[in-house]
Amino acid sequence: MDKKILEFTVFLIHALADDWKKPYRMVYQVLNESGILDDYIVPCYDVLHTQGKQYLVEDITEFVKEKGVAI
């Protein structure tokens with residue numbers, strides 16, 4: 001994985017953890033096990049990294065809920 005994508009992913013995990021009030025490891029686990037990390041965040045990096053933090057948190061939160069994953 002490219003360093004800039006890794007840094008973005010870490011940033012996003014921390015932003016989600018803060019918003020969800022959950023440990024970072026749990027957020028990573030949710031994103032990884034649901035496929036959101038490998039099937040959405042990493043492949044869509046070019047578009048996602050241009051968005052604001054609040055938009056990203058709302059977008060990923062909604063996506064997680066659509067997949068039926070509890071947060």
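According to the Cα gyration tensor, what semi-axes, each the square root of 5 times an eigenvalue, does the equivalent ellipsoid of the chain have, listed from largest to smallest in whole Å?
Numbers: eigenvalues 57, 32, 30 Å².
Calculated on Cα positions only, the semi-axes equal 17, 13, 12 Å.
Working out 0.36 nm times the residue gap between Gln51 and Phe11, then minus their Cα-Cα distance, what length gain in nm do you get to one decimal? It would help to have the intermediate numbers written out before the result.
On the way: separation 40, 0.36 × 40 = 14.40 nm, distance 1.26 nm.
Difference between extended and current length: 13.1 nm.
Can you tell me which aspartates and glutamates have their Cα less than 17 Å from the Cα of Lys3? Leave out same-chain residues fewer than eight positions away.
Asp38, Asp46
Given Gly52, Ile13, Ser34, which one lies farthest toward the positive end of the charge dipole of the chain, if we put +1 on the Cβ of every Lys and Arg and -1 on the Cβ of every Asp and Glu?
Value computed over the given set: Ile13.
Remind me, relative contact order of region 3-66 in percent, using alpha carbon pairs under 8 angstrom and six or more residues apart? Could the numbers behind the result be given before it?
On the way: 28 pairs, mean separation 25.7, N = 64.
Across region 3-66, relative contact order equals 40 percent.
Taken together, the values in this text are just the output of simple stated rules run on the coordinates, not laboratory data. Remember, predicted model here, so these are calculated numbers, not experimental data. As a convention, Cβ positions derive from the backbone with ideal geometry for all residues, glycine included, and neighbour counts pool all protein chains shown.
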